[in-house]
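The values are calculated or read from the model by the stated rules, or taken from the named source; none is laboratory data. If you're wondering where the values come from, they're calculated on a predicted model, not measured in any experiment. No Cβ is skipped: glycine too gets one built from the backbone with ideal geometry, and neighbour counts run over all protein chains shown. We work out accessible area using only protein heavy atoms, side chains counted, and drop any ligands, DNA or RNA first. Shrake-Rupley method; radii C 1.70, N 1.55, O 1.52, S 1.80 Å.
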Amino acid sequence: MDDDLGDLSELMGDDYEHGADTGEGDPNVKPKRAPPPKAYVQSITESSILVQFPPQKQFLKKLIAQAMPVIMVKDPANPFESFGAGGVEIVATGDPMEATEARLVGLRPGTAYICRLILTNPAGATGGEISGKMLTKCAAPKAPTFFHSKASSIFIRFDAQGKNGAQEVSRLTIGVARAGAKDPFDLANKPGEMSDGSARCGELKQARIQKLRPGSMYCFRLIVHNAAGKVIGATSQPMLTMPGPASRLREDSTSRTSDSVHLKFEPHYQHLTKLTIQYTKIEGSKATFEQLMKKNGKSQEIKDPQNATDSLVSGLEGNKKYVFRLLAENKSGRNVGPILGPITTVEHAPDMLDKSGWMTILPKNSGKKTLSRRMSMKKKNIGEKYWFVIDGRLLNWFTDVACKNEIDFLHLSKLKRITYVPDGDGQARQFSLDLKDGSKMSLECASSDPNVTTHDYTMSWMTAVQNALTTQPDEEKPKSEGRRASILAASEEELEDDEEEEMNEEEFGDFEEGGFGGFEEEGFGDADEEEGGGAAPEEAPEEGAEQFGDDFGGFGEDDDEEEGDEFGGFD
C-alpha cells in the first residue's frame, strides 16, 4: 500500500524534527533549541561566569555551554561563526538532561561575552539561542606606587585599568588610610575614598590625593568597578608626605651672649630624618634670606630631629645682626620655617680690672644758644666709640678690647662732679664728667645685652667712677671719711649754660694730691631732680623689634594648601 502521506517531517512541521511531540522529547529527533542562559551575577569573577538554565531533558547525552567575547565577533548575524578565535566552552557535569548550570572558566577579566547552549541527543546536536552581554569583573589592580609628595598631598602612579580597551571600567576608586595598623582599611581605622566615574576613568595612570597631614604615612589601594561588580586591589607600601613648615623659632634672650644665641621651638615629629638651623649675618643692602645664605650663611644640624626642642647656635660675632630659620627634612622632601630676627648679639666686653665696657665719647658743642643749635641738640649725637677700663683711679680708653692702642686716659682725681640727663621717661643714657678745670667729657652708653637695660648700664658706669674715688689703696690709711664726687641730674638749661662757658683745652695731667673737698655727699638722682632736656637721643627700638622686611626683600607667605578634612578628590 502506497504511503500517501509523503514526507512525514513536512507533514508534522519543524517541531517534529526537534522531539517536541512529548514532554521528554524523542531520542530519534534532535533536541529543540535551548533558551538563552542567564548569568548568576553574584558568582561572577574576573575569569569565570556561572550560567543558569532550566533542565533540558530530551534524552540529552551532552550539554555544552559556549562563551564568545563580543569584541571577537566578526558577523553579528552569526556571531558564533568565529567561535574558534577566543571562544570558550565547557561541558556540563552530571546528568545532562537534569543540568541547570555550568561555569564558564578561563575568561578574560573585564570582558563582555555572549553565551549559548549546545544540546546533543542520539538524533543529533542543536545550537541554542544567544544570550545578552555578560561581563566579567575587572582584574584585581596592582598596588599603586609613590611618585612624589607635598606637605598635604601625595602623587601616586598605577596601571591604566582599561588596559587599552580590553577591560570595561565604569568607575575607578582610590582608597586611602593612615598607615600603621595591621589592616589600614579596616572600618575602625576610618579609611577614606575618592572616585572618578568619567568615561575615561579607565585611562587614568596617576592621581593626586589631597588634604593629607604633613609628615604622615598613608597607604593606598585601587577599586575598579563595572557592571559585574567591584574588585579591590592590593594595598600599597606606606607613603610619606613632606614635612609641614618647620616650627617657629623663639629666642631665650636670657642666654644671649657675644658669640651665641639659644633658640627654642616645638618638637616636629613628622618622621624627620634631619633638622637644621640656618643662620646668616645681615650685611650690606637688602637681600633675601637665600641670597644671604649663599654669601655667608651657615647651618647647624640638630640631634634627635623628631623630638628636639632647642639648640644653641655658637660661633657668632659680637654686636652683629643675625637671622635664623629651621629646615625640616624627611625622606619625601624638605620645608623651611618662618624667619626669626634680626637678633643682635651682645657686644664682646670681657671683664677687666675694676670696670670695663664700651662707651661713646660725644663731640663737644660750642657756640651761642641759637634756635638752630637747639634744634641740632635734639638729634642724636654721633661720637667715637671706645673700650674704657677703670684701674684704681685711672680711666683709660682704647680702640679695642685688646687694649693695644690707647687713645687717652683721665685720672679721676681731676673730677669735680658727674651729671646726667635723663630721657623723657627718666632713664639714663648719657652722663658727663665735669672736671675741676671747667672742661667736660660727655659719654653715651648703649647696652646690647637684652638682660641689661641701657639705663642700668649707664648707672653702673657712674657708680664705678664714684667707687673708684672713694676706694683707698690697701697701703693708704684714710685720715677721715672719704669724699665722693656728686652725681647730679642736670637740666637742659644747665647743660647749655655750661657749654657756653669757655673750655680749658689743657690736657689731663698727672694725679694731684689733695682729693676732693667741700662737696655735698649726694646719691644718684637725689639732687636737682629736674627732668633732662632734648640733648639726650631718643631710645632705640627694642631689640628684635625690627621687621625682617626692613632688611630683606622678596619674601611672601607660605603657599601650602590649607588644611581641611582629610582625603580630597584627585585630578
Checklist entry - Taking Cα pairs under 8 Å and at least six residues apart, what relative contact order does region 31-127 come out at, in percent? => result 41
Item to check | Karplus-derived 3J(HN,Hα), 6.51/-1.76/1.60, for each residue of region 138-154, Hz, glycine and proline x | outcome: 6, 5, 5, x, 6, 5, x, 10, 6, 9, 6, 9, 10, 5, 10, 8, 10
Item to check | Length released on extending from LYS38 to ASP456, taking residue separation times 0.36 nm less the Cα-Cα span | outcome: 140.7 nm
Checklist entry - What is the distance, in nm, between label points placed 7 Å from the Cα along the Cα-to-Cβ direction at THR273 and at LYS298? => result 2.7
Item to check | With every protein chain in place, region 102-199: carbon and sulfur % of accessible area (1.4 Å) | outcome: 49
Checklist entry - If you keep only loop residues by DSSP, which trypsin sites (Lys or Arg not before Pro) in region 233-331 have at most 14 other Cβ atoms within 10 Å of their Cβ? => result ARG248, LYS286, LYS303, LYS331
Checklist entry - What's the local net charge at ALA199, with K and R +1, D and E -1, over the other residues with C-beta under 15 Å away? => result -1
Checklist outcome for this item: Pseudo-spin-label distance ARG208 to PHE409, built 7 Å along Cα→Cβ, given in nm, is 7.4
Item to check | Value of relative contact order over region 164-306, rounded to a whole percent, pairs C-alpha under 8 Å and six or more apart | outcome: 19
Checklist entry - Tell me, in nm to one decimal, what length is gained between ALA446 and ASP354 on full extension, where the rule is 0.36 nm per residue of separation less the Cα-Cα distance? => result 31.2 nm
Item to check | Distance-filtered residues of region 75-90 - backbone nitrogen under 18 Å, label point 7 angstrom along VAL105 Cα→Cβ | outcome: 87-90
Checklist entry - In terms of modelled amide H atoms, which long-range or inter-chain residues lie less than 5 Å from the amide H of LEU135? => result TYR113
Item to check | Fully extended contour minus Cα-Cα distance, from ALA188 to ASP310, at 0.36 nm per residue | outcome: 40.2 nm
Checklist entry - Tell me which lysines have Cα within less than 24 Å of LYS320's Cα, excluding those fewer than 8 residues away on the same chain? => result LYS264, LYS281, LYS286, LYS294, LYS295, LYS298, LYS355, LYS380, LYS385, LYS404
Checklist entry - Thinking of region 311-364 as a set of Cα atoms, what percent of all their pairs are more than 16 Å apart? => result 65
Item to check | region 152-252, dipole about Cα centre (Lys/Arg Cβ +1, Asp/Glu Cβ -1), debye to the nearest 20 | outcome: 100
Checklist entry - Using alpha-carbon positions, what is the distance between the centroids of region 244-294 and region 165-206, in Å? => result 41
